[in-house]
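Everything on this sheet refers to the single structure shown next.
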Amino acid sequence: MADDKDVLRDVWFGRIPACFTLSPEETTEREAEPYYLLLPRVSYLTLVTDKVKKHFLRVMKAEDVEEMWLEYEGTPLKWHYPIGVLFDLHASNTALPWNVTVHFKNFPEDDLLHCASNSVIEAHFMSCIKEADALKHKGQVINDMQKKDHKQLWMGLQNDKFDQFWAMNRKLMEYPTEEGGFRYIPFRIYQTMSDRPFIQKLFRPVSPEGHTLTLGDLLKELFPAAICAEDEPKRFQVVIHGIEPLLETPIQWLSEHLSHPDNFLHISIIPAPSD
Amino acid sequence: MPSSLLWAVDVYGRVYSLSTSGQQWEHCRDAHLEFKRVAAVQQCCWSIACDHNIYLYVHASEVPIRYQEETYENQRWNPVDGFSDRLLPSDRWQWSDVTGLKHQPLVDFQLPSENWEWEADWYVDENFGGEPTEKGGWTYAIDFPATYTKDKKWNSCVRRRRWIRYRRYKAQDTWVKIPSEQTESLPDPFNDITCGGWEITEEPRGCLALWAVSLQGKVWVRCGINHHNPEGSVWEEVPVPGEVVQISCGPGDLVWAVLWEGHLLVREGIGRDCLKGSSWVTVESPSPGVGVVHVAVGVNVVWAVTKDHKVWFRRGVNSHNPCGSGWIGMVGEMVMINVGLNDQVWAIGFEDRAVYFRQGVTASELSGKAWKVVSVPRDSERSHSSASASSLQSAGCFFGGEVRLQSQASVLSDADPETERAGGEVVPTPEIGDAPKPRIPKVTSDSFISELVSDREGQISRRDVPPAGPSIPEEDHPEKELEDRASPAQVLSPSQSGGVDPQWSNVDLEEAQTHLTSGPGGDAAETSSLSSVATYNLALEEPYGPDEHPKWAWVTGGGCLVECHTQLNWFNTSISTALNSSMQAMSLSITPAQTAAWRKQIFEQLSERSKREMENFMHFEQAIEQSVWVKKGTMQWWRDWKPHKWVDVQFALEQFSGAEGNKDGILFIYYTFNDEKKYLHVFINEVTILVPVLNDSKHTFAIYTAERTKQRWPMRLAAATELEMHDWLALLSVSCCDSRGIQGPPSKQAIWSVTCKGDIFVSEPTKELEASPYPTPCDQMFWRQVGGHLRIIESNSLGVVWGIGYDHTAWVHTGGYGGFFQGLASSTDNIYTQTDVKCVYIYENQRWNPVTGYTNRGLPTDRYMWSDASGLKECTKNNTKPPSPNWTWVSDWTIDYAVPGGTDREGWQYAADFPASYHGNKTLKDFVRRRRWARKCKLTTTGPWQEVPPIPLSDITILPCGPKSTVEQVSLWAISNKGDILCRLGVTSLTPGGSSWLHVGTDQPFKSISIGAVHQVWAIAKDGSAFYRGSVSAQNPAGDCWYHIPSPTGQKLKQVSVGRTSVYTVDENGNLWYRHGVTPSYPQGSSWEHISNNVRKVSVGPLDQVWVIADKVQGSHSLSCGTVCRRLGVLPMEPKGHSWDYGIGGGWDHITVRGNAMEAPRILMPSLTDTQTATRPLQTNNQPEMNGNPVGC
């Protein structure tokens, strides 16, 4: 039987094949070839698309270039969501590779945050980790770490070093045995058809009576529509890292094993394909 | 940790026990009487019943309590009859004891009480000093008394033989009355009882002190209680200066008693030689005018309760100052209090008569933190919910959300009327049937009952206040919730009320309904307490009725082991945790979480996802390029050349992707030598082992490669902090495993070894390891560490792995890996807390001088007056530290009387001079003496091990299996630390822990055992003789009888190992012996052949491969003791092999190759003429033995 450690590896090394094409609105000197890349699910778009940018800059005039942004079927892709979340949310059940359109003009100020440099991503990533640890351990673990430890987390993600990252991240995943889990589970629920960016609430992994709470319990409380009775047709898919865990999966286990490097459990709820 | 029991008596005199792993009070149904008081220790429980007799409940053990009776038959030779029973008038009796002074015919032996039975008839002991006599057990001498030999000589005029017969204590797991044999001296019945004193002396084993108080206030002590005499022999009166009402005796030498006037008495002078003590000292009551009514003592604590129910803690109590120094008032109002193991405290509340546990009692904070109420139901109250729990278990739902108390079950039963009947009606019925006839409790006085009743009336009046709850300060009750959740069950109530109807005829219907609905699950004291006192009596008539909070009268924790990491489930009861713990108990190897469907689903979906999203796109470019990753740090390095010293170095690990995609790395050590910058490097894939070497000064570890193993000189590094060392060790070990492609748990074939520090290492054998004639040299084996701390480890090729700790605890491998410290590659499940205890010894040395006698003033040339065993190192009580920072002291220094050679009454051993052989009695020629002091220290670590309670072991062996064999039941034999031979039943590869022990009777204690591939069982007795067990097979796992095998001449054997066919033994002088002439028809073999010296231990594998731990192995740089060596040239027709191959060491203590059944691929080779490997025997060397550190530092 596979070990839980393998899940961490599978999650970390999850890759999405993507095909980047330049938007037809962009003016080019010659025709731009599409660019193919395997994107790490747990990383951020702007962190891993330097090569894409370089590729397209070669066919463009410098004066036509503003900040690069990406879009999929008309939806601007928020770089501050992990790549896997963007894919699950917008492009699950579509053919691979994932066709992403590249823009260098008309930055959608209302939809996207600017990302001037990697330090912006780092700041965002670290603030997520801190927020998650505040929920899990009142922030005690992350605050006890040194600056270099924080750096190790970030460098691990940036350079795709599983061991380097997890050597530090495991400390963030500890909890007192007698409590049976974290104080609160850091999670975010995303849905495509809502204006709200995501749902995030305080949710404990163990009920006051000492029951282990499950993914089902979480959804029952926060998104009851996602749970359908036996006889009803399935309306929604609950997707984490491209898979649909069973509703009886303990939420604590999910948080420990299927969280993104930012320590949040990102749950995408998408309409079930009607076939 | 094994579970242990807390005992309590409720106000009706019913005895209950609560397991530390349990969640409900189990009624001791065997007790036909009501009990007043109970006093528990780990092995038994004493009590006073309402008939004022003393009763004893001895816990059943898989090792029976048996006692060997012996007598000698004496004969003298005369020319007419030869040897006959006609003795000279001056001779001893024809049947006598060993001294010949006491007449002891067989018929005079009587069972001491009706609780004993004979095991078999008398028989002759054929074993004489480890040698079989083979002549009817006769031993010969010139005359009585003289030295006996087993051979008859021309001048042998007398002979004798020993007859033995075993009796067995049969009254286990039942209450038996202790006959009051001295009726005339015991005029009045007993009133209080307490048991303790087991820490005072080891000898005789299981020695206990039982103190009792009679109604007239006299104090008695029961003598002669020990393992072989659980009932004790006689009562002796201890004079007291007043009238005692209650007494308490701790595990050590603390005994306190309460006088009728409210003062306290402390017993002084209790010791090894005088369990009764010598005198009493008076201690005043803590508050003037309010006397003490109850006292409880532990090892270093005294607690008392005064008449106003206040609780007091006595400061400064210890063995040297049994009276302590002062009282501290504590929170809480109690009626009685009890101190158990580890000075843990239990009490019974005054208000609610509930059992309270003192939380937070540790060695450093003996007074604890807060009282916490033990709120678990009694067994019958849980029947309903446990029924629903079990059905859920069988349905395979293990986790929380779905499993709620009985309310859920009732909802289920709505859907299915059949289940409803089962869940709602049938279950309560046996409770009613079970209930004894209505009666008024006899144990407690009427005033006590009325007090109880008034208590509850008090409760009624303030019902809107939350009733008594889990802890005194914040009162809070689970009942309301229970009621809320139970509401769906109301639908059921009509049918239910039918069943219980008559009892409630005089109660208003609405109330009955609410009561019933909340009933089956828990305590609904509130509803029922509305009823009148008359109803209350009615409720009494149904003693298992769910209406009442149990009211307790007495609690005793003397057998209850709670440690700081113990998780007690006593405080809030929820089904899900109960399920978890019960599931854990059910299976060692497969945890429910692992088998859960959700987990399987995630594994499957993830691999499906990876396939879907990546398989066809692997030619895409990776978004992030892989690069070299370097970790740097500063460390100290033990310089390779002389003078050896620690030098500061820069340390760097460079990791990169290896040729085949696996990760690899190089380790660099940058140092300065003569102002020149230099470095040395090690390829990660050449590292064979990383050994942590913790000591009190430095955080060091050693790195070996095959080359460095040959040199016996590892690379030694020291990190600045323990944390830093662990970070590096974790990183390095992950890199080493990555570079060799090793991950996950050890395979079934794995070779396990243990160092002298108790660290556990495992190596994955390759097919070439046992190839002949060119096997992989064993210094190239890669070892990785597994968490835990063990002294002995044994395995077989079905993956059954057991270990024994230094404290003789048995552990079974859970199938996991890692643990030990954070960061080591480790399985997420299957890692548990493991503890071990060992003793540190120091010696007190004295020299005699004519003026002052023995003093601690030695000659200038003498050793330190406080030293280690060698005398070379000064070790005082104060400067001696635990072996490493991971160990902590758990006891004070005590004199060790169990030293080889014996001691006098003060523990001294005498000798003519240092160093010499010491003996236990002073003679005229002795000028020096020494005594050994022992102090226990304890280690708490983590590893993939689960304890196999309750019997402590000293050796184990597991059936070795062939490469492809399938064995349903794996034979596993063990020897208890007392020398009993045991056979484990129910061991399979899925349940490696097995189910129970089967005791195999022997005439003497044993120390080593081994089973071969075809169930040949060999064992070594403590006297050094070898035995073969006949007729052992899969069908008859315990065999039928022992055959005594003569030892090699003049040698006492120490250890045995049996492989497929080969039998090897090691004797006490380090010689390795091979048994010749072992054939299927004559499995005992014919003779011993000497193979090697300097061998400490041997392990023979399922392919008859022979591995040993050898001493004094010479490397190119250094000499090592405790080295893993393998016998070369072992072939089916040449089982003895021809030479040795040297592996990892020194500092190794144990190895088992009994899991490695991987046969090498057959290659045809011309012949084994010029083997590169050494054909030398194990070199002997007269250099002094190094201390046993793994790397000799």
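The values are calculated or read from the model by the stated rules, or taken from the named source; none is laboratory data. What you are looking at is a predicted structure, and each value in this text was computed from that prediction instead of being measured. Cβ coordinates were reconstructed from backbone atoms using ideal geometry, including for glycine residues, and neighbour counts include every protein chain displayed.
Figures for the structure shown
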| read-out | value |
| --- | --- |
| Filter result (surrounded by fewer than 21 Cβ atoms within 10 Å (Cβ to Cβ) and within 14 Å of chain A (Cβ to nearest Cβ)) within the range B:697-731 | B:721, B:723, B:724, B:726, B:727, B:731 |
| Unique match (being aliphatic (A, V, I, L, M) and more than 10 Å from every other protein chain (Cβ to nearest Cβ)) among B:618, B:635 | B:635 |
| Output for the range A:224-275, where each listed residue is part of a strand (DSSP E or B) and either without any contact (Cβ under 8 Å) to a residue 12 or more places away in the chain or among the charged types (D, E, K, R) (or both) | A:243 |
| Evaluation of residue A:4 against (1) touching a strand residue (DSSP E or B) at 6+ places or on another chain (Cβ under 6 Å); (2) at the interface with chain B (Cβ under 8 Å from one of its Cβ atoms) (one fails), failing number | (1) |
| Checklist (1) assigned to a loop (DSSP other than H, G, I, E, B); (2) surrounded by fewer than 17 Cβ atoms within 10 Å (Cβ to Cβ) applied to residue B:12, failing item | (2) |
| Filtered residues of the range A:207-221 (kept if assigned to a loop (DSSP other than H, G, I, E, B) and within 8 Å of chain B (Cβ to nearest Cβ)) | A:207, A:209, A:210, A:211, A:213 |
| Test result for residue A:157, crowded, with 20+ Cβ neighbours inside 10 Å, within 14 Å of chain B (Cβ to nearest Cβ) and in a helix (DSSP H, G or I) | yes |
| Count of the range A:35-69 residues which are aliphatic (A, V, I, L, M) and within 13 Å of chain B (Cβ to nearest Cβ) | 8 |
| Those strands (runs of 3 or more DSSP E) lying entirely in the range B:804-883 with at least 3 residues at positive phi | none |
| Residues satisfying the stated conditions in the range A:54-66, i.e. buried (at least 16 other Cβ atoms within 10 Å of the Cβ) and in a helix (DSSP H, G or I) | A:55, A:56 |
| From the options B:753, B:747, B:735, residue that is assigned to a loop (DSSP other than H, G, I, E, B) and either at pLDDT below 85 or of a type in the set (S, T, N, Q) (or both) | B:747 |
| Pair list, Cβ under 8 Å, 6 or more apart: the range B:101-130 residue under 13 Å from residue B:1003 (Cα atoms), other residue loosely packed, with under 13 Cβ neighbours inside 10 Å and at pLDDT below 90 | B:124/B:136; B:126/B:134; B:126/B:136 |
| Answer residue from the range A:222-254, given it is surrounded by 15 or more Cβ atoms within 10 Å (Cβ to Cβ) and more than 13 Å from every other protein chain (Cβ to nearest Cβ) and is farthest from residue A:176 (Cα to Cα) among those | A:236 |
| Residue satisfying all of: in the range A:15-34; more than 7 Å from chain B (Cβ to nearest Cβ) and touching a residue at least 60 places away in the same chain (Cβ under 8 Å); nearest to residue B:818 (Cα to Cα) among these | A:18 |
| Selection status of residue B:314, surrounded by 21 or more Cβ atoms within 10 Å (Cβ to Cβ) and of a type outside the set (Ser, Thr, Tyr) | yes |
| Residues of the range B:285-324 classified as assigned to a loop (DSSP other than H, G, I, E, B), within 28 Å of residue B:892 (Cα to Cα) and either in contact (Cβ under 8 Å) with a residue 12 or more places away in the chain or more than 34 Å from the chain's Cα centre (by Cα) (or both), total | 10 |
| Residue check for residue A:117: out of contact with any strand residue (DSSP E or B) (no Cβ under 9 Å at 6 or more places or on another chain) and polar (S, T, N, Q) | yes |
| Any chance residue B:594 is at pLDDT below 85 and within 8 Å of chain A (Cβ to nearest Cβ) | yes |
| 1 or more residues surrounded by fewer than 24 Cβ atoms within 10 Å (Cβ to Cβ): qualifying strands (runs of 3 or more DSSP E) within the range B:1089-1131 | B:1095-1100, B:1123-1128 |
| Given (1) out of contact with any Phe, Trp or Tyr (no Cβ under 7 Å at 6 or more places or on another chain); (2) of a type outside the set (Ser, Thr, Tyr); (3) buried (at least 20 other Cβ atoms within 10 Å of the Cβ); (4) under 21 Å from residue A:15 (Cα atoms), index of the condition residue A:133 fails | (4) |
| Within the range B:181-256, strands (runs of 3 or more DSSP E) holding 2 or more residues that are closer than 23 Å to residue B:314 by Cα | B:190-196, B:208-214, B:244-249 |
| Scan of the range A:160-184 for residues that are farther than 12 Å from residue A:129 by Cβ, within 14 Å of another protein chain (Cβ to nearest Cβ) and in contact with a helix residue (DSSP H, G or I) (Cβ under 9 Å, 6 or more places away or on another chain), ordered by number | A:160, A:161, A:162, A:163, A:164, A:166, A:167, A:174, A:175, A:180, A:181 |
